[in-house]
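The values are calculated or read from the model by the stated rules, or taken from the named source; none is laboratory data. Computed from a prediction, not measured in an experiment: that's the story for all the values here. A quick note on method: Cβ atoms are made from the backbone with ideal geometry, for glycine too, and the neighbour counts reach across all protein chains shown. In case anyone asks, the SASA skips ligands and DNA or RNA and just uses the protein heavy atoms, side chains included. Shrake-Rupley method; radii C 1.70, N 1.55, O 1.52, S 1.80 Å.
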Amino acid sequence: MSRRSTRVIKPRIKEILSETLPSGLVDKLPKRWVQIGDVLILPLREELLPYKYEIAKVYAEVLEVKTVLRKGWILGEFREPHYEIIYGHDPITIHKENGILYKLDASRIMFSPANVKERVRMASIAKPNELVVDMFAGIGHLSLPIAKHCKAKVIAIEKSPYTFRFLVENIELNRVQDRMTAYNIDNREFKGENIADRILMGYVISTHEFIPKALEIAKDEAVIHYHNTVPERLMPKEPFATFQKTAREHGYEVELLEEHVIKRYAPGVWHVVLDLRVFKK
């Protein structure tokens with residue numbers, strides 16, 4: 001949301017667009033939106049699409065953003081958004097949060113404001129002498145706060161070449177080159193073994209497939225921040241039960257330190273993160 005009160009913004013938007021839109025559509029204008037830097041992501045109902053450019057222009061002017069994207073689907077291995085530009089032409093922006101600068105292409109790279117509490121939590125989670133491995137670094141969503149605020153050493157692994165470009169830029173923007181090293185590879189190709197004091201697994205849906213690799217990278221008594229999506233009907237047993245089963249198959253025991261619910265991922269499905277300590281048997 002904009003820093004300005006929506007009590008002022010929403011009536012102003014309605015007032016302007018009531019001169020353009022049929023009266024029945026004015027009340028169907030988006031009441032919520034996402035702002036990332038100076039880019040707006042706007043959900044539009046089907047009946048509003050014939051007026052999408054006019055609507056986007058007004059939202060952009062009132063909210064003072066350079067580009068407006070129509071919210072679409074998030075698909076594929078890289079959780080890549082498919083958002084249409086409906087105002088402006090440049091979806092690349094710099095979003096500032098908790099003292100961190102995140103540069104990204106908001107039309108092609110996922111950045112969820114709903115995950116802000118977890119990004120902020122990472123800013124105080126590690127110790128300066130730790131080695132942290134981020135297995136799904138993205139643009140540095142979770143690992144930049146660790147490198148910047150905790151002063152820990154970070155290895156950030158990102159498979160997507162396009163996202164990796166922004167990860168490298170963000171390391172430079174935040175001046176953490178001395179503490180953060182980036183690799184543009186599939187994390188299963190990473191050669192480090194028994195090196196990490198802390199591991200970030202900030203992925204969803206299929207994160208369990210990467211548990212064996214995380215255990216390989218982890219030192220004895222390492223902490224793993226394990227993200228995944230889980231149907232509500234399987235909570236609270238899952239996702240800990242799956243992690244524990246896989247860990248035991250690979251000669252590890254697991255202690256659950258904390259569990260956090262990040263957000264609703266889909267109807268009846270939640271995005272959760274477990275803080276786990278792993279021990280070799």
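For residue 112, no residue has an amide H sitting under 5 Å from its own, ignoring neighbours fewer than 5 places away on the same chain, with H placed 1.01 Å from N. Residues whose amide H falls under 5 Å from that of residue 203, counting only those 5 or more places apart or on a different chain, are 227, with hydrogens built in the peptide plane. Phi angles of segment 146-161 translate, via the Karplus equation with coefficients 6.51, -1.76, 1.60 and θ = phi - 60°, into HN-Hα couplings of 5, 5, 6, 9, 8, 6, 7, 7, 10, 9, 10, 10, 9, 7, 6, x Hz per residue; Gly and Pro are given as x. When peptides 222-232, 56-66, 25-35 are ranked by their average number of other Cβ atoms within 10 Å per residue, the highest-first order is 222-232, 56-66, 25-35.
Give, in whole angstrom and from largest to smallest, the semi-axes √(5λ) of the equivalent ellipsoid of segment 184-250, with λ running over the eigenvalues of the Cα gyration tensor.
Values: eigenvalues 94, 37, 20 Å².
Value: 22, 14, 10 Å, ordered largest first.
Annotation: lysines with alpha-carbon distance below 16 angstrom to residue 148 (same-chain offsets under eight excluded): 96, 103, 127.
About the Cα centre of the chain, how large is the charge dipole given +1 on each Lys and Arg Cβ and -1 on each Asp and Glu Cβ? Please answer in debye to the nearest 20. So the dipole magnitude of the chain works out to roughly 680 debye. Could you check how much of the accessible area of the chain is carbon and sulfur, as a whole percent, using a 1.4 Å probe? Heavy-atom surface of the chain belonging to carbon and sulfur, 1.4 Å probe: 51 percent.
Couplings 3J(HN,Hα) of segment 37-48, computed from phi: x, 10, 10, 10, 10, 10, x, 10, 5, 3, 5, 8 Hz, in residue order, whole Hz [Karplus 6.51 cos²θ - 1.76 cosθ + 1.60, θ = phi - 60°; x for Gly and Pro].
Ranking 252, 140, 44 by how far each Cα lies toward the positive end of the dipole of the chain (charges on Cβ) leaves 44 at the top. The dipole here belongs to segment 208-281: it is taken about the Cα centre, uses +1 on the Cβ of Lys and Arg and -1 on the Cβ of Asp and Glu, and is about 160 debye.
For the chain, the solvent-accessible area of protein heavy atoms averages 49 Å² per residue (probe radius 1.4 Å; ligands and nucleic acids excluded). For trypsin sites (Lys or Arg not before Pro), the sites in segment 118-227 that DSSP calls loop and that have at most 16 other Cβ atoms within 10 Å are 151, 175, 191. Sequence-distant contacts, meaning Cα pairs under 8 Å at least 6 residues apart, place the relative contact order of segment 125-281 at 19 percent.
The angle between the Cα long axis of helix 52-63 and the longest principal axis of the Cα atoms of the chain comes to about 80 degrees, rounded to the nearest 10. Could you work out [θ]222 nm for the chain from helices alone, using -39500 (n - 2.57) per DSSP H run of at least four and dividing by all its residues? Round to the nearest 500 deg cm²/dmol. Calculated from helices alone, the mean residue ellipticity at 222 nm is -6500 deg cm²/dmol.
Excluding same-chain neighbours fewer than eight residues apart, the aspartates and glutamates reachable from residue 237 by a Cα-Cα span under 15 Å are 255, 258, 259, 275. Fully extending the segment from residue 127 to residue 237 would add 36.6 nm, taking 0.36 nm per residue of separation and subtracting the current Cα-Cα distance. The Cα center of segment 184-223 and the Cα center of segment 79-143 differ in position by 20 Å.
Between beta-carbons, use under 13 Å as the cut-off and find the net charge around residue 114, counting Lys and Arg +1, Asp and Glu -1.
Working: positive: 32, 117, 119, 263, 264; negative: 97, 118.
In short, +3.
Under a model in which nothing but the beta-carbon of Lys, Arg (+1) and Asp, Glu (-1) is charged, segment 73-171 shows a dipole of about 460 debye around its Cα centre. You can think of it this way: the chain between residue 259 and residue 18 has 82.1 nm of extra reach, that is 0.36 nm per residue less the Cα-Cα gap. The angle separating the long axis of helix 6-17 from the principal Cα axis of greatest extent in the chain is about 40 degrees. Net charge of the neighbourhood of residue 234, taken over other residues with C-beta under 14 Å away and scored Lys/Arg +1, Asp/Glu -1, is 0.
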